[in-house]
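Since the structure comes first, as structure tokens, the remarks are kept for the end.
The values are calculated or read from the model by the stated rules, or taken from the named source; none is laboratory data. Since we're looking at a predicted model, the values are computed, not measured. Glycine gets a Cβ as well: all are built from the backbone with ideal geometry, and neighbour counts include every protein chain shown. These accessible areas exclude ligands, DNA and RNA; they are computed on the full protein's heavy atoms, side chains included. Shrake-Rupley method; radii C 1.70, N 1.55, O 1.52, S 1.80 Å.
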Amino acid sequence: MTRSQKGVPNEKTAINETPDLFPSSGRNQGWRFSIPRRYLVAFLAFLGFWNIYGLRVNLSVAIVAMTRNRTSNGNDTVVEPEFSWGPQEQGLALGSFFYGYALSQIPGGWMAGRMLGGRALFGFGVGATALLTLFTPLLARAGLPFIIALRVFEGLFEGVTYPAIHAVWARWAPPGERTHLATFAFSGSYFGTVASLSIASLLAESLGWPSIFYAFGVVGLLWFFIWMTFVKETPQEDRRITDFELDLIRSSVGPASNHGKVDVHVPWRHFVTSLPVWAIAIAHFCENWGFYTLLTELPTYLTDVLGLDLKSVGFLSAMPYLLMGFVVQFGGLIADYLIFKKRFSKTQIRKICTCGAFVFQAVFLLLASKARSPPLVITLLTFAVGIGGFAWAGFSVNHLDLAPQYASILMGISNTMATLPGMISPSLTGYLVQHKSALEWEVVFYIAAGIYLTGALLYGLFATAERQHWAQSSDQQSLFYDGNGMEDGCAEDDDGGDNQSKTSTEDLPFGSGSCD
């Protein structure tokens, strides 16, 4: 029976029309009122990124409680801190995470496509980090070298998560929904940052600093078991997906939706020489420069220059990232809507989102550098960070446009570059701000604004959303090669007939959708 006879969407419908997401027919009638499975994947990925950033920033709060004097209960006796780490030792403990994080980006992208698959790698990346987090109090008391080593390993495991999730979207997300599904998941990192900083502070005050790591570790492991239980590597493997949704994904994504792991030659030379790939990497670097600069230095700026108290600083420092979380989600929806309505080309949408956000971020930073009124400065900096959420609807999903089958590796490449600001920016800021004056902070803002404008220029010149020539042949020929001299997927034989290979349906346990 053909696709049209079955009444399921063809490729054009899947990409360009809005389907009925809750059809009355399907192979699992008991699930007819459940949300589509790809949206469940997106929601659990959102919670995954929430955990990722919670596990990343918990030490930032805990280390304050670990190294400060405190007053004992019932009297005014001052108790010496448990750890006598100075600023340099604290910097080593906090910064060591990024060394492991940078090292595992590209290997993580390769493993997501070739070895474990995106779903498994994403889950194990979060789960392993959560497990290691439980040992933080023990290793911290063993000595500074042990906590540094622990953080390096946590960075190694978390480093695979961003590349891995692109491998998930390459198989689960129809092209017309990739932007908002991906950005919705990414937004969990910003909500997670805000919530985790607040929760960690409460835990430190009420139960002591070790409780931060126990609580975050247990929650991360709980998420791991939920993710591995409910999310499958491909739609084809999901027993609870309806025939309608399965055919919707397969008709738009193609045979790639059938395979969690692929045996594909990786064109490393083309990655290095591709201007669109470099445009993504540069944009990712520029966005993270401003993000990490303000994430690490905003509390210091608010206290040193504006003279705000610590209680106010904690809340105000979280506002930009709360706004960014909502903007990331909204930007993804708007981008996909404009693509759906064909108001602009996909390339134009990616450039408008990325370049437009960078320009406005630069403007707000320059205005904030000259402002001295605390309410005005806070408002400007909140928008300077928050509006960056629109950029994530551009460069962060651009990998999937260029080469879906290599998207996890491309994300690993760009996120490796994007990790560098986390290492460079805080040190540079510390060098520039010697006397904590407003003039010194102006230089910090000027540098960030200049980097944003440079990113806007280069991305605007060299970025594209067109499928690259080196991705065309691999996707059509080797990506779905079944190892027996046959292309796994849908092709035409020599006399023009349908040559749907046996492996495209029978080697995959639960699906029935055709590839016509």
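Over all projection directions, the Cα-based convex hull of the stretch 395-461 averages an area of 5.2 nm².
Computed from the C-beta positions of residue 439 and residue 201, the FRET efficiency with R₀ = 25 Å rounds to 0.20. Each of 152, 41, 218, 363 has its accessible area taken with a 1.4 Å probe; listed largest first, they run 218, 363, 152, 41.
Does the stretch 137-205 come out rounded, prolate or oblate, given a ≥ b ≥ c as the square roots of the eigenvalues of its C-alpha gyration tensor, rounded meaning a/c under 1.5 and, failing that, prolate meaning a/b above b/c? If you can, show how the numbers build up before the last one.
On the way: a/c = 5.45, a/b = 1.80, b/c = 3.03.
The shape class here is oblate.
Near residue 301, once Lys and Arg are set to +1 and Asp and Glu to -1 for all other residues with Cβ below 13 Å from its Cβ, the sum equals -2.
Overall, the anisotropy analysis places the stretch 320-434 in the oblate class: the square-rooted eigenvalues a ≥ b ≥ c of its C-alpha gyration tensor yield a/c not less than 1.5, with a/b not exceeding b/c. Relative protection proxy for 230-237, 406-413, 93-100, 325-332, from highest mean packing down: 406-413, 325-332, 230-237, 93-100 (other beta-carbon atoms within 10 angstrom). Residue 446 exposes around 90 Å² of accessible area when a 1.4 Å probe is run over every protein chain in place.
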